[in-house]
Amino acid sequence: MTPEDLEILLAPGGQELLAGLRGHDPADDLAVATRLRRTYEAPLVAAALTQTRLRQRGAAKFGADAERMYFTPHGLEQSTRASVADHRARRFAAYGPGGVADLCCGVGGDAIALLRAGLAVTAVDRDPLTCAVVRANADALGLGEQLEVVCADVTDIGAGDRDGVFVDPARRTARGRVFDPEAYSPPLSWALAAAAKGAPGAVKVAPGIPHEAVPEGAEAEWISDGGDVKEAVLWFDARAGGVRRATLLPSGATLLGRGLPDPPVRPVGRYLYEPDGAVIRAHLVAEAAEELDGGLVDPTIAYVTADELHPTPYATPYEITDVLPFNLKRLKALLRTREVGTLTVKKRGSAVDPEDLRRRIRPQGPHSATVFLTRVAGAPTMLLGQPAR
Ligand SMILES: C[S@@+](CC[C@H](N)C(=O)[O-])C[C@H]1O[C@@H](n2cnc3c(N)ncnc32)[C@H](O)[C@@H]1O
C-alpha cells in the first residue's frame, strides 16, 4: 500500500467499495475486479482488493476489528495480536492514568489495546505511511480522540512526558528476521534504556531471548495464546523486581517464578503433563511440577509426571498406559493390537521425525492415542497414552 492508496481508500468512494467487499471470497478477485472497474478507478479497485485480503488475514490477530482496520503487509506481520496487546494494556492501565508512549507503534496493534484500556497514547513511528495507518485504525475503531501520532525517529525524540513507555523494536528488515538484538531498530540496548525510565516501561522481545540477556531488576514475562508462545516482554516496573513469569492466554493464568531448584527425577507415573511453552521458556517447570506434586521423567526433559490428576492451567495432562523402550516394530505391533488409527506424535529429546514415524507405522483402526518419544532417565523411550479427562 502507498500513502496515495490509503488516501483514496479513506475517501467516500473507497469506504463504499471496502464496505461492499466485506466477506468477499479472494478466489473471485478477477471477476470482481473486472466488474468493479466499470464503476471505480482501477487503482482504487486494486487497493481495495489488496486491503480486503489483508483484512481477512488480519482477522486471525484482530478478530472482527480487522474488517474495519487498515494494514500494510509488513505492518500486519509485525503487529501484536489483540489478545496479547490487551493483556499488556491492562497492566499499563493498572498503573494509573498517566498515558503511554508507544515507541515504534507500527499499524497500532498495541496502541489500539492501550486506547481501549482507557489510556492516552502517543504513538511514534518513523515511517509516514505507518503513521497514517495507525491514525486511520484508531479513528476507524472510534478510539482516535486519545491518540497523538508523531512521525519521527524514536531515538531523536524519546518518550516525551508520558509516564508509561512501551517499545516494540522492528526485528525484521527487508532481508528477513534479525537475530542480533543490537541490529533491531532501534537497537535493544536503546529500547531497554528508554523503557527503564517508564512507570511502567516495557519492551517486547522475541520469546527466544536468553535469560542472561534480561536486565537485572526487570521482570521477564513469556506469553502464550492457545498454547503457542507468542512473545516475551521485559517489564521495568517498581513492582517487578527480577521476577520470571509465564502468562497463558486466553485464561490469563499467570505463574510466577520463585527460584525453585530443578524438580526431582522420578519413575513415570500414571499421568504425564506437558507444560505450556510459556512455562518452559520462562524456566518455570519446577514451579508447575510443585503444584502437581510431580517430578521429571528425565533431568533434561520438560515432561512432568505424577500419580494423580491435578487440574492446572500450566500443563496438559495425559494418562499413560504403556512405557516402552523406543522400538518402532513394538510400537507398530502395539498400535495394531489396540486398533489405533489416529496417532498423535509428540516428542521431546528425540531425533525421530514424527511424520516419518507415522508414515512407517501407517496406523489403522477406530481408536486414537498419543505417543511421546522422549528420554526416560537417559534412555530413548516411548510413552503411550491419551489426553486425560
Ligand atoms: C514491530 S513493529 C511495531 C508493531 C506494533 N507494536 C503493533 O502492534 O502494530 C516496529 C515498528 O518500528 C518502526 N521503527 C523502526 N525503527 C524505528 C525508529 N528508529 N524510530 C521510529 N520507528 C521505528 C517500524 O517502522 C515499525 O513500524
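A few comments on the model shown:
- Rg/Rh (Cα only; Kirkwood hydrodynamic radius) as it applies to region 3-57: 0.92
- The residues packed around Arg22, meaning those with a beta-carbon under 14 Å from its beta-carbon, carry a net charge of -2 if Lys and Arg are +1 and Asp and Glu are -1.
- All Cα pairs of region 164-285, percent lying beyond 23 Å: 36 percent
- Exposed-site-free run, longest, the chain (rule: GluC sites (Glu not before Pro); DSSP loop; at most 11 other C-beta within 10 Å): 1-215
- Computed extension gain for Arg266 through Lys329, at 0.36 nm per residue and net of the alpha carbon distance, reaches 20.0 nm.
- By definition, a body whose alpha carbon gyration tensor gives a ≥ b ≥ c is oblate when a/c is 1.5 or more and a/b is not larger than b/c, and the chain fits this oblate description.
- Global geometry of region 76-255, whether rounded, prolate or oblate, following the gyration tensor of its Cα atoms and the 1.5 cut on a/c: rounded
- Computed over region 236-389, Kirkwood Rh from alpha-carbon pairs, angstrom: 16.4 Å
- Extended-chain gain in nm, criterion 0.36 nm per residue less alpha-carbon gap, Arg175 and Arg389: 72.4 nm
- For the chain, calculated [θ]222 nm from helices alone, where every DSSP H run of n ≥ 4 adds -39500 (n - 2.57): -9500 deg cm²/dmol
- Charge context of Val371, other residues only, Cβ under 10 angstrom, K/R +1, D/E -1: +2
- Span-like helix criteria (full DSSP H runs; alpha carbon extent of at least 27 Å along the helix axis; mean Kyte-Doolittle hydropathy of at least 0.0) are satisfied in the chain by 42-62.
- Fluctuation leader among Arg126, Arg245, Arg177 - the chain, Gaussian network, Cα springs under 10 angstrom: Arg177
- With distances taken between every two different alpha-carbon atoms, region 48-146 has a Kirkwood hydrodynamic radius of 13.2 Å.
- Qualifying trypsin sites (Lys or Arg not before Pro) in region 1-86, where qualification requires a DSSP coil assignment and no more than 15 other C-beta atoms within 10 Å, comprise Arg22, Arg37, Arg38.
- Virtual spin-label span in nm between Glu212 and His367, 7 Å along Cα→Cβ: 4.8 nm
- Comparing Thr173, Thr312, Thr155 in a Gaussian network model of the chain where C-alpha atoms under 10 Å apart are linked, the largest mean-square fluctuation is found at Thr173.
Every number in this text was worked out from the coordinates using simple rules, so none of it is lab data. The structure displayed is predicted, hence computed values, not measured ones. Cβ sites come from the backbone with ideal geometry, for glycine too, and all protein chains shown count toward neighbours.
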